[in-house]
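Have a look at the structure below, then the notes.
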Amino acid sequence: MIKSLETPELQLLKPGVKAPVQETLLTPRFYTTDFEAVANLDVSANETELRAVIEELRADYNRHHFVRDEEFKQNWDHITGEKRRAFIDFLERSCTSEFSGFLLFKELSRRLKERNPLLADAFDFLARDEARHAGFLNKSMADLNLSLDLSYLTKHRTYTFFPPEWVIYTVYLSEKIGYWRYILVHRHMEANPEYQFYPLFRKFESWCQDENRHGDFFKALLRSQPQLWNNWRARLWVRFFLLSVFVTHTITVFERATFYESIGIHPRKYNNKVIQETNNTSARAFPLILNTNHPSFFWRLEQCCENSLKLTAINQSKRPKIVKFFQKIPPITAIIWNMLRLYLIKPIDAELTRETVR
Ligand SMILES: [Fe+2]
Ligand SMILES: [Fe+2]
């Protein structure tokens, strides 16, 4: 049985402005890439699909969606205790990852403007959407008397360099997993309105359509680069990225189990469903997907999670550094071992079924 850790007490940067969560492997990161290489991408192998997706983005279907209507205008002090802390943590992580997308897309659109106007337009539309998402989440935090200083974040976070291929794989996956995360919460709230404790969740249906379109753009871009899917190296990378995203997702869901339980969502069922759906969707873009039906698939994912929670508990303890070092060896070994076993589960070939999966 996995036990979630208590959400840590809030730390403030200044009154009303929350200090960003400490950076770990699991917190949303900020990325930079080789802009020159992206500008030089030849997309002619899949240009028709790419142009069609970009036209969808240009249409800006959600331009009137992100409006804080009457429902938001009330006092939210009745959300208290662990639920309040867990909700703020959920808002903060979501806001940071939306904002991280905004920064990367904005920079791509700026750098590509002269060199590759088609892709520059696309990234500009993506940045527009992510700015709206991040802004909306930050206003929700303000309803709980807190906000994130996004310009402080921009300056003080470290930027991780990813080559363009990794950006395409990981952003595709994060958009699609984002879609499933939002739509499943939305469907749950629709079926069980008694859990709708804050109106943000009502916005999720159209919101997740933005994420879906972003994912479709990255899918079209990925399929325009045959070296990203038609060889054994690409197959190995795809397995790695799918697995990393699923392990990270499992850990973040179980870490915030209290939050999901407070809105009536069973964390394990939710995690499994998000992963299965994202994996199936990925068959449209990737040459292979993982076998989530393998009997030990989810068990091993949860083993990674359980050991990651042990690591967090060791890190938070006040024992001497040397003791912590030795205590961390068994959980780290267990995570690596389980990830390796998961990686070696025979994947499912998506190219063979390409004509039937749509
Ligand atoms: Fe977004
Ligand atoms: Fe997005």
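The values are calculated or read from the model by the stated rules, or taken from the named source; none is laboratory data. The structure displayed is predicted, hence computed values, not measured ones. No Cβ is skipped: glycine too gets one built from the backbone with ideal geometry, and neighbour counts run over all protein chains shown.
Descriptive notes on the structure:
- So Leu222, is it at pLDDT 95 or above and either closer than 25 Å to Asp34 by Cα or away from ligand 2 (no atom under 13 Å from the Cβ) (or both): yes
- When residues of region 155-167 are limited to those that are of a type in the set (A, V, I, L, M, F, W, C), under 18 Å from Gln225 (Cβ atoms) and away from ligand 2 (no atom under 14 Å from the Cβ), the one surrounded by the fewest Cβ atoms within 10 Å (Cβ to Cβ): Trp166
- Check on Lys269, surrounded by fewer than 19 Cβ atoms within 10 Å (Cβ to Cβ) and either free of Cβ contacts under 8 Å to residues at least 24 places away in the same chain or under 28 Å from Ala120 (Cβ atoms) (or both): yes
- In region 164-182, the count of residues that are within 24 Å of Val245 (Cβ to Cβ) and more than 19 Å from the chain's Cα centre (by Cα) is zero.
- When residues of region 93-125 are limited to those that are within 15 Å of ligand 1 (Cβ to nearest atom) and more than 18 Å from Phe217 (Cβ to Cβ), the one surrounded by the fewest Cβ atoms within 10 Å (Cβ to Cβ): Arg93
- Given (1) crowded, with 19+ Cβ neighbours inside 10 Å; (2) in contact (Cβ under 8 Å) with a residue 60 or more places away in the chain, index of the condition Leu144 fails: (1)
- Within region 18-31, restricting attention to residues that are exposed (fewer than 15 other Cβ atoms within 10 Å of the Cβ) and of a type outside the set (Asp, Glu), the residue that is modelled with the lowest pLDDT is Leu25.
- Filter result for Leu153 (farther than 19 Å from Arg223 by Cα and in a helix (DSSP H, G or I)): yes
- If you go through region 53-74 and keep only what is more than 25 Å from the chain's Cα centre (by Cα) and in a helix (DSSP H, G or I), you end up with Glu70, Glu71, Phe72.
- Arg128 basic (Lys, Arg) and under 27 Å from Ala39 (Cα atoms): yes
- Residues being away from ligand 2 (no atom under 16 Å from the Cβ), in a helix (DSSP H, G or I) and closer than 25 Å to Tyr195 by Cα - total across region 80-130: 12
- Residue in region 55-73 that is assigned by TED's automatic domain parsing to the domain that holds Arg223 and surrounded by 19 or more Cβ atoms within 10 Å (Cβ to Cβ) present: yes
- Breaking point among (1) more than 20 Å from Thr96 (Cα to Cα); (2) in contact (Cβ under 8 Å) with a residue 24 or more places away in the chain; (3) part of a helix (DSSP H, G or I), for Arg233: (2)
- Matching residues, region 244-284, being under 19 Å from Ser174 (Cα atoms), charged (D, E, K, R) and assigned to a helix (DSSP H, G or I): Glu255, Lys273, Glu277
- The residue pairs whose first member lies in region 342-355 and is over 15 Å from Trp232 (Cβ atoms), whose second member is among the aromatic types (Phe, Trp, Tyr) and at pLDDT 95 or above, and whose beta carbons are closer than 8 Å, counting only pairs six or more residues apart or on different chains, are Leu342/Phe297; Ile345/Phe297.
- From the list Phe201, Phe241, the lone residue that is away from ligand 2 (no atom under 16 Å from the Cβ), closer than 20 Å to Glu92 by Cβ, part of a helix (DSSP H, G or I) and aromatic (Phe, Trp, Tyr) is Phe201.
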